[in-house]
1. Take region 254-271 and flag every residue that is within 60 Å of the chain's Cα centre (by Cα) and open to solvent by less than 30 Å² (accessible area, probe 1.4 Å).
2. Among V470, V482, which is among the aliphatic types (A, V, I, L, M), open to solvent by less than 50 Å² (accessible area, probe 1.4 Å) and either at positive phi or in a loop (DSSP other than H, G, I, E, B) (or both)?
3. Kindly indicate whether I517 is in contact with a helix residue (DSSP H, G or I) (Cβ under 6 Å, 6 or more places away or on another chain) and in a helix (DSSP H, G or I).
4. Any residue that is of a type in the set (K, R) and in contact (Cβ under 8 Å) with a residue 60 or more places away in the chain - is there at least one of those in region 297-305?
5. Provide a single number: the residues in region 112-139 that are within 14 Å of E361 (Cα to Cα) and either surrounded by fewer than 16 Cβ atoms within 10 Å (Cβ to Cβ) or among the basic types (K, R) (or both).
6. Kindly indicate whether any position in region 184-202 is more than 30 Å from T269 (Cβ to Cβ), under 47 Å from the mean Cα position of the chain (by Cα) and outside any helix (DSSP H, G or I).
7. Does at least one position in region 123-141 carry a residue that is closer than 30 Å to K340 by Cα and at pLDDT 85 or above?
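The values are calculated or read from the model by the stated rules, or taken from the named source; none is laboratory data. This is a predicted model, so every value here is computed, not measured. For neighbour counting, all protein chains shown are included, and Cβ atoms are generated from backbone atoms with ideal geometry for every residue, glycine included. What goes into the accessible areas is simple: the full protein's heavy atoms, side chains included, and nothing from ligands, DNA or RNA. Shrake-Rupley method; radii C 1.70, N 1.55, O 1.52, S 1.80 Å.
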Amino acid sequence: MNVTTALSQITSINTKFDSIFAQLESLFPQLAYQKHKTSFQELKETIDSIGSSISSNSSAIMTDFSAKYTPIFDKLNEKIKDLKELDKMIAEVKEDSEQMELIALNAMVISVKSGEKGLAFSKITENLQRLSKDMFIYSDKLSGEEAQLLEEINQLKTIFSGIIDSQRSISSKDSECNDDIQRMVSNVGPSISEMSAKVDSIYPAIENTKSVLGEKTKLSTGFNSLTKAFNELNKYNPVRTCNEDELDYITFAISVYEKALDFLSQVSTAITTVCSSFAGNWQEVVEIMENADTMRMDFESRFLNNHAFGNNNIARQVSNILEKYKAMISEFGNYQLVQKDLQGTCQNITSRAKTIYTVFENLRPVMSRLHHVRILQQIEVSKNDAITSVQDSVTDMDNLINSANASLDGIQAILESFIQETGNMLANFVVSINKDNENMVTLRNDKELTFGDLNNGQGIIAGAFNNFAVFPDDFQKKCVAVQQNLQDFMRLNTEFMSFSNELENEKIALSGRKSSIMNEKGLESWSIRNSKYIESLSQIR
């Protein structure tokens, strides 16, 4: 092997190593954890998101309205008892009014029979009859308003019962959805976690393999030293004028070859170390890929197969959960409609109670006029002997008026108490149900967001059915390229070892030539005498 050939081989091997390192420096970053999500990563995030959608605040919002508002309706029932008492007093007023009208009619008949003398009493009694009739009309209207108030209260109870049913239906559907989600996540979660851990473990293994790139500098330094050594040798052509000149050159060449072989030994050790580390670490990567692919196929057959056993098919499970969510969200709409009726009915009860009091206030002036007419009657009877026979009727009339007046006092007390207490109670009730409605709106929005996530998740799961991959696109193709570079690296190592053997043989040949010349001259030893060789040797490091 001449020097030019050696330099050419060193350059060629070095260039090939540089090419391998350049390709690996490009490939390894591409194999690192990428931003591009795989269908498996998207599926994992979807399942995690679905699992976290189990509302933690549903239980706080979905309080038992029945238990919460039962005390209010207990108080309302007490007020209904007051209304029954009110109804009784109104009936008494109506009865007194009818009696007064009847007594007034009898008194008028007697006064008419008295002729001219009974005319004044007849006029007074006629007014009393009219007022008694007004009393009956107003009390009857009061009774009608009171009946409508009771109807409003009963309607409130019916509406509230509907809210309770709606709330319980939402709570039941929410619980059922949560149970289904929990069951699905618990079923598929362990397999996803196991496969995720296996997939993620490949990146540290790739990083370990990537560490071989750190040996590039050492190899480059070794090749530079080799190139320098042979360049120094290439500076000198042996002057063949005498054996002494050839011996000087051969001795110099042998020294260069010895240094070159020393460099080769160092580079060879580095290359062997790189090959061993590269192969060992990359084998771990290959094993992880194979295991991950086995797990992928198993996962597909269990959870992404239309014929998956039982409830393992996650697409079917999500579809069923979506249908339940639709029903639950629809129930929220029913709840809100009933809630609006509830608020309106509360306002109607308060308004109706005030209307009753307005009607009641019409009775007071009538009662005052009745008192006035009664006094006129008594005066007329006391001064008119012709109508003394109606004295008993006047007394009965007085008793009836006093009875009706007492009933009105009782009615007023009940109405004022009812309006004040019920008004405050219903006002607070409206505030409370509005707050509950706000919470339910918040919960509905939360459920609609979850429904949207489930809907999007259904699309991602459908995509996983069509193409389920645990590694990014072209990942396997890049791994094949790394594997090819590993094989090229090993082939170069063999080529390098062969080159090293050639240099060793070349050094032995030179040593043989040196011994032959020295034997011819009868020399036992020889050292370089020309300083130019000595200086060149000092340059080789």
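1. Taking region 254-271 first, the residues within 60 Å of the chain's Cα centre (by Cα) are 266-271.
Residues satisfying the conditions are V267, S268, A270, I271.
2. Numbers: V482 fails: either at positive phi or in a loop (DSSP other than H, G, I, E, B) (or both).
V470 is the lone residue from the list that is among the aliphatic types (A, V, I, L, M), open to solvent by less than 50 Å² (accessible area, probe 1.4 Å) and either at positive phi or in a loop (DSSP other than H, G, I, E, B) (or both).
3. On the way: in contact with a helix residue (DSSP H, G or I) (Cβ under 6 Å, 6 or more places away or on another chain): yes; in a helix (DSSP H, G or I): yes.
Against the criterion (in contact with a helix residue (DSSP H, G or I) (Cβ under 6 Å, 6 or more places away or on another chain) and in a helix (DSSP H, G or I)), I517 qualifies.
4. Our first condition is that a residue be of a type in the set (K, R); within region 297-305, this holds for 302.
Those still in the list that are in contact (Cβ under 8 Å) with a residue 60 or more places away in the chain too: 302.
Among the residues of region 297-305, at least one is of a type in the set (K, R) and in contact (Cβ under 8 Å) with a residue 60 or more places away in the chain, which makes the answer yes.
5. Of the residues in region 112-139, 1 are within 14 Å of E361 (Cα to Cα) and either surrounded by fewer than 16 Cβ atoms within 10 Å (Cβ to Cβ) or among the basic types (K, R) (or both).
6. First, the residues of region 184-202 that are more than 30 Å from T269 (Cβ to Cβ): 184-201.
Narrowing further to those that are under 47 Å from the mean Cα position of the chain (by Cα): 184-201.
If we keep only those that are outside any helix (DSSP H, G or I) too, we end up with 201.
Scanning region 184-202 turns up at least one residue that is more than 30 Å from T269 (Cβ to Cβ), under 47 Å from the mean Cα position of the chain (by Cα) and outside any helix (DSSP H, G or I).
7. Looking only at region 123-141, we keep the residues that are closer than 30 Å to K340 by Cα, and these are 141.
Still in the running and at pLDDT 85 or above: 141.
The answer is yes, given that some residue of region 123-141 is closer than 30 Å to K340 by Cα and at pLDDT 85 or above.
Per-residue answers, yes or no, for (1) farther than 25 Å from D87 by Cβ; (2) open to solvent by less than 50 Å² (accessible area, probe 1.4 Å); (3) touching a residue at least 60 places away in the same chain (Cβ under 8 Å); (4) not in a helix (DSSP H, G or I):
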| position | (1), (2), (3), (4) |
| --- | --- |
| S382 | yes, no, no, no |
| S389 | yes, no, yes, no |
| S393 | yes, yes, yes, no |
| S417 | no, yes, yes, no |
| L426 | no, yes, yes, no |
